[in-house]
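The values are calculated or read from the model by the stated rules, or taken from the named source; none is laboratory data. Note that the structure is a prediction, hence the values are computed from the model and not measured. As a convention, Cβ positions derive from the backbone with ideal geometry for all residues, glycine included, and neighbour counts pool all protein chains shown.
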């Protein structure tokens, strides 16, 4: 069978979205699908819809030079992400019915209710699009409802990039660990906070470390989400909901950030053979699930204590396999963009399976 031709609707075209489309070109000879971007929606640079394919090189140039996408022609540009999804769905109705339209949702995290990302995912699924998101909000606030809707529509809702970038976490459990129950987890899963703590250990100023993470495109658009532990809480809620069958939001995760952790505290801990890290954890307790994010004083032998700079790790406590660890030695935009690419590739494989039925 020939490679599926996928039409991509990009809701959000920030650091991750732009790195994703560049990555598609960089690894074109390794892809098992063909692709074209048919719509882009941004907060500050307008929107464009072109069923024949957006000129992605020009789109990248316009956005990165601070211009608007209206120079690309196509349909009227000033509209919300929901408008773009709905109008693109009308223009691509036949492709959507065939399962060849994928909505890539990469808007910023809203920690209050996960909006508008949840609404974007719902609208795209209702329009018969597959959905890939790197936003933690949909899985953290509405996983059960969105997964049920995806099943009803015979479409997929993937979000591997929501936690630990491109390192497989959700896919590892859901696709390679059948009959295994996840009883808990603990990990360092916020790259920005881990980098800040490492920088403070070296004597670097807190604000300088934040700015460096922003310059790399890793920190959240609002870095207080990283510093105050909200990003880690959203990831924790997503992990609980997807892997442990829970139904919580980030607001039900006990949370303490790193704003009050001082360089002297960190260096004193090192002098005593210990390390302070922001740890996310969850465990089954009294018929429920208790989840928290907080700075912990770790013994030198704790595997989380050795994580520095942009390193992350997650350790799953399982009933059949014991403790299973996943370590990421470097977190960059490329890893996050790869998570999107891997999810799209999995959709391509599913299309092949569906067409072979």
State whether the residues of segment 201-210 include one that is modelled with pLDDT under 90, surrounded by fewer than 21 Cβ atoms within 10 Å (Cβ to Cβ) and not in a helix (DSSP H, G or I). no
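Using the structure shown, decide if residue 44 is closer than 23 Å to residue 219 by Cα and either in contact with a strand residue (DSSP E or B) (Cβ under 8 Å, 6 or more places away or on another chain) or surrounded by 15 or more Cβ atoms within 10 Å (Cβ to Cβ) (or both). Spell out the reasoning first.
Numbers: closer than 23 Å to residue 219 by Cα: yes; either in contact with a strand residue (DSSP E or B) (Cβ under 8 Å, 6 or more places away or on another chain) or surrounded by 15 or more Cβ atoms within 10 Å (Cβ to Cβ) (or both): no.
The answer is no for residue 44.
Results for (1) farther than 17 Å from residue 84 by Cα; (2) out of contact with any helix residue (DSSP H, G or I) (no Cβ under 7 Å at 6 or more places or on another chain); (3) modelled with pLDDT under 95; (4) not in a loop (DSSP other than H, G, I, E, B), shown as yes or no for each residue.
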site	(1), (2), (3), (4)
1	yes, no, yes, no
8	no, yes, no, yes
13	no, no, no, no
18	yes, no, no, yes
23	yes, no, no, yes
35	yes, no, no, yes
38	no, no, no, yes
45	no, no, yes, no
51	no, no, yes, no
Please state which of the following conditions residue 175 fails to meet, knowing it meets all the rest: (1) within 22 Å of residue 233 (Cβ to Cβ); (2) modelled with pLDDT under 95. (1)
Tally time: how many residues in segment 149-162 are buried (at least 22 other Cβ atoms within 10 Å of the Cβ) and more than 16 Å from the chain's Cα centre (by Cα)? 1
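Which helices (runs of 4 or more DSSP H) does segment 53-148 wholly contain that include 3 or more residues that are surrounded by fewer than 23 Cβ atoms within 10 Å (Cβ to Cβ) and touching a helix residue (DSSP H, G or I) at 6+ places or on another chain (Cβ under 8 Å)? Walk me through it before giving the result.
Working: elements: 56-64, 81-91, 93-97, 117-126.
Counting at least 3 such residues, we get 56-64, 81-91, 117-126.
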Lone qualifier among 314, 304 - being touching a helix residue (DSSP H, G or I) at 6+ places or on another chain (Cβ under 9 Å) and either crowded, with 18+ Cβ neighbours inside 10 Å or outside any loop (DSSP other than H, G, I, E, B) (or both): 314
For segment 227-271, give me the residue count where each residue is buried (at least 18 other Cβ atoms within 10 Å of the Cβ) and either outside any helix (DSSP H, G or I) or in the same structural domain as residue 160 (by TED's automatic domain parsing) (or both). 11
